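The next block holds one structure in the form of structure tokens; read it before the comments.
The values are calculated or read from the model by the stated rules, or taken from the named source; none is laboratory data. All values reported here derive from a predicted model rather than from experimental measurement. Note: ideal-geometry Cβ built from the backbone for every residue, glycine included; neighbour counts use all protein chains shown. For accessibility, only protein heavy atoms count, side chains too; no ligands or nucleic acids. Shrake-Rupley method; radii C 1.70, N 1.55, O 1.52, S 1.80 Å.
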Amino acid sequence: MEDAVSQLLENREDISQYGIARFFTEYFNSVRQGTHILFREFSFIQATPHNRASFLRTFWRCFRAVGKNGDYRNPAYSAFSLCEDLLTAKEYHCLLQLLCPDFPVELTQKAARIVLMDDAMDCLMSFSDFLFAFQIQFYYSEFLESVAAIYQDLLTGKNPNTVIVPTSSSGQHRSRQAPSECSPLDGVEASLFYHCLESLCDRSKYSCPPSALVKEVLSSVQRLTFYGFLMALAKHHGINRALGALPDKGDLLLDPPMDKELENLLSQVSGLSISTPAGSSGDIANLPTRTSPRISSPWKPLHHRQKVDTESDGSTDETESSEN
């Protein structure tokens, strides 16, 4: 192995000649930064915990302006924000597809159900509510499939000790029956529920929330419903920090490096000036300026276009007269 590495280092000039070294350098840098998942297929972004966390972080950084609600006090977002705070599940799914074209709509609907619970699926949701619910549903998808099965068994009085851990085929994200549709309003006993989940976390080979934090969630209530449990997971600061993909809710709209880049870009764009053609009457200087922080349009002045039209009309008349 050492001889192979030494030989590889000796031939690094030949490797660079074909760009292989540069390719791997750029790729592993993108893996470290979490941008390697951009525009990749869904099977790739869900393949590893690192890829899932990278996708969550990228989604937050790309679309956190949704939560700004068109805050014109921040000049970096006056021209780039979506100016919309509440979106439907379908609209959030469109945002996800901008990063992953084949992202399954079932996952988006399950995340929306955590927020909406008994409300209609076309109700509006804030960006922060959807994002933290989506984080739980996407990152712990296999775990939640087993949790749903355990919850259903507890409702029907079956023995949930035998837990079928999902295999890789669960990546197809089959549609599950919502437990709340057939469960009593008071749900299941929290202590018994935790006993089953503790056993699941010990034997599961997929990502699970820390069992101590799950116990903390369930110890605060006597009974709870399935979606009540998922909402508690989504709102728990300790679980969010343990996952490490998103900041705390209070810092969700803050990203100083990205803000600085947008401010620099906006200052460069706003600093551009449109030169006035020679011989113009100077009427453009007397036009009212925009007070709203919008980017200047690079279209040609109107009087220049009229001049071209006039010349065009004259040439047409001359052609017609020559023909007559």
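List of remarks:
For (1) of a type outside the set (A, V, I, L, M); (2) more than 16 Å from the chain's Cα centre (by Cα); (3) surrounded by fewer than 19 Cβ atoms within 10 Å (Cβ to Cβ); (4) at pLDDT below 95, each residue gets a yes or a no:
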residue	(1), (2), (3), (4)
Tyr72	yes, yes, yes, yes
Ala76	no, yes, no, yes
Phe80	yes, yes, yes, yes
Cys83	yes, yes, yes, yes
Leu95	no, no, yes, no
Pro104	yes, no, yes, no
Lys110	yes, no, no, no
Arg113	yes, yes, no, no
Asp118	yes, yes, yes, yes
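- Top-ranked residue of the stretch 221-270 - restricted to ones that are within 18 Å of Ser211 (Cβ to Cβ), within 20 Å of the chain's Cα centre (by Cα) and among the small types (Gly, Ala, Ser), ranked as least open to solvent (accessible area, probe 1.4 Å): Ala234
- Count - residues of the stretch 199-228 that are part of a loop (DSSP other than H, G, I, E, B), within 19 Å of Tyr139 (Cα to Cα) and touching a residue at least 40 places away in the same chain (Cβ under 8 Å): 6
- Test: residue in the stretch 251-274 that is assigned to a loop (DSSP other than H, G, I, E, B) and modelled with pLDDT under 50: yes
- Scanning the stretch 121-139 for residues that are over 30 Å from Lys205 (Cβ atoms) and assigned to a helix (DSSP H, G or I) yields a count of 3.
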